[in-house]
Structure formats: C-alpha cells, structure tokens
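The values are calculated or read from the model by the stated rules, or taken from the named source; none is laboratory data. Because the structure is predicted, anything quoted here is derived from the model rather than measured. All Cβ positions, glycine included, derive from the backbone under ideal geometry; neighbour counts span all protein chains shown. These area figures cover heavy atoms from the full protein model, side chains too; ligands, DNA and RNA do not enter into them. Shrake-Rupley method; radii C 1.70, N 1.55, O 1.52, S 1.80 Å.
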Amino acid sequence: MKSYRKELWFNVAKRRDYINITPLVEEALRESGIREGLCLVNAMHITAGVHINDDERGLINDFDKWLEHLAPHEPIGQYRHNATGEDNGDAHLKRTIMGREVVVAVTDGRLDFGPWEQIFYAEFDGNRRKRVLVKIIGE
C-alpha cells in the first residue's frame, strides 16, 4: 500500500469564506499515483472546516446565513471563549457544525463522488495562514 501527503495553505482575506478545493485535491491525487484507495481532506485549524456539498452560490450563501444565525459573530461578549482576548468563539462553533474532515473513495484514479459533490474549505476566522491536509492511501 502507498501513502501520499500534501498540505494546502490558505490565507483568506475575509472573516468567512467557502472555497471549492476539489481541483487542488484532484491534483494531489494525480501526484500520488494512487488508483484505488481513500483520500482524507482535513482542516488543520480549529476555526476552519472541510465539507462536501454542491458548488451553487445560493446554497453557499444559505450555509453562511444559517451558520451566522446559529453562532453569530457579534456581540463577541456572548462567548466565554472570547474572554481570553480572542474574538472567534463563533468560528469554533461553526467549525464543529460543518466538520473538520471528509473522506472520499478513490476509484480508478478519480475521486468517487456522487452527483454535484465538491470539496470545500470553509474559513470562519480569516486573515491568517492556515493549512489543509490531504492524505491519500491505497494502491
């Protein structure tokens, strides 16, 4: 069995954003040479996430509005975490809701998606450098 590891780095200028990283993960899969196996994509920061869904702007806006309703950024005093001097208590909650990782089957050298599925990096506390791990195992 082979193993391949690659880090993707992001520095998102906005506080929140949703970036389709499917092409970057597909590139990593090509680099790996793995034809059959599993691909893990994992946000390596506690205020960012990774999820799979449709790349449709209306849906992405709906996610953002829904998350902001569930865990609004302001007032920042509503989160005990922010008493530490941070202002990102909401970002930790949003990450927990959207998830930290996804696993996609690799079949015949391709990500084995269902219809419309794409991989997204979700940033909830931008303006600093963060990474995503792509780990592919298989033959």
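Does any residue of the range 49-56 turn out to be under 19 Å from residue 122 (Cβ atoms), acidic (Asp, Glu) and outside any loop (DSSP other than H, G, I, E, B)?
Within the range 49-56, one or more residues are under 19 Å from residue 122 (Cβ atoms), acidic (Asp, Glu) and outside any loop (DSSP other than H, G, I, E, B).
Within the range 89-128, track down each residue that is farther than 16 Å from residue 50 by Cβ and part of a loop (DSSP other than H, G, I, E, B).
Listed by number, the residues that qualify are 108, 109, 112, 114, 115, 116, 127, 128.
Out of the range 8-60, which residues are within 14 Å of the chain's Cα centre (by Cα), closer than 19 Å to residue 138 by Cβ and of a type outside the set (A, V, I, L, M, F, W, C)?
22, 42, listed by residue number.
Filter the range 45-71 for residues that are touching a helix residue (DSSP H, G or I) at 6+ places or on another chain (Cβ under 9 Å) and of a type in the set (S, T, N, Q); which is least open to solvent (accessible area, probe 1.4 Å)?
47
Any chance you could count how many residues in the range 5-16 are over 14 Å from residue 134 (Cβ atoms) and open to solvent by 40 Å² or more (accessible area, probe 1.4 Å)?
Going through the range 5-16 one residue at a time, the tally reaches 5.
Out of the residues in the range 73-122 meeting the condition of being of a type in the set (S, T, N, Q) and under 17 Å from residue 17 (Cβ atoms), tell me which one is least open to solvent (accessible area, probe 1.4 Å).
By that ranking, first place goes to 88.
Suppose we filter 31, 7 for residues that are in contact (Cβ under 8 Å) with a residue 60 or more places away in the chain and of a type in the set (Asp, Glu); which single one remains?
Going through 31, 7 in turn, the sole match is 7.
Among the listed residues 59, 8, 38, which satisfies the condition of being part of a helix (DSSP H, G or I), modelled with pLDDT of 95 or more and not acidic (Asp, Glu)?
Every option except 59 fails the conditions.
Looking at this structure, is residue 66 among the hydrophobic types (A, V, I, L, M, F, W, C) and in contact (Cβ under 8 Å) with a residue 40 or more places away in the chain?
Spelling it out, it is not the case that residue 66 is among the hydrophobic types (A, V, I, L, M, F, W, C) and in contact (Cβ under 8 Å) with a residue 40 or more places away in the chain.
Taking the stated definitions as given, is residue 64 at pLDDT 95 or above, part of a loop (DSSP other than H, G, I, E, B), over 14 Å from residue 41 (Cβ atoms) and touching a strand residue (DSSP E or B) at 6+ places or on another chain (Cβ under 9 Å)?
It is false that residue 64 is at pLDDT 95 or above, part of a loop (DSSP other than H, G, I, E, B), over 14 Å from residue 41 (Cβ atoms) and touching a strand residue (DSSP E or B) at 6+ places or on another chain (Cβ under 9 Å).
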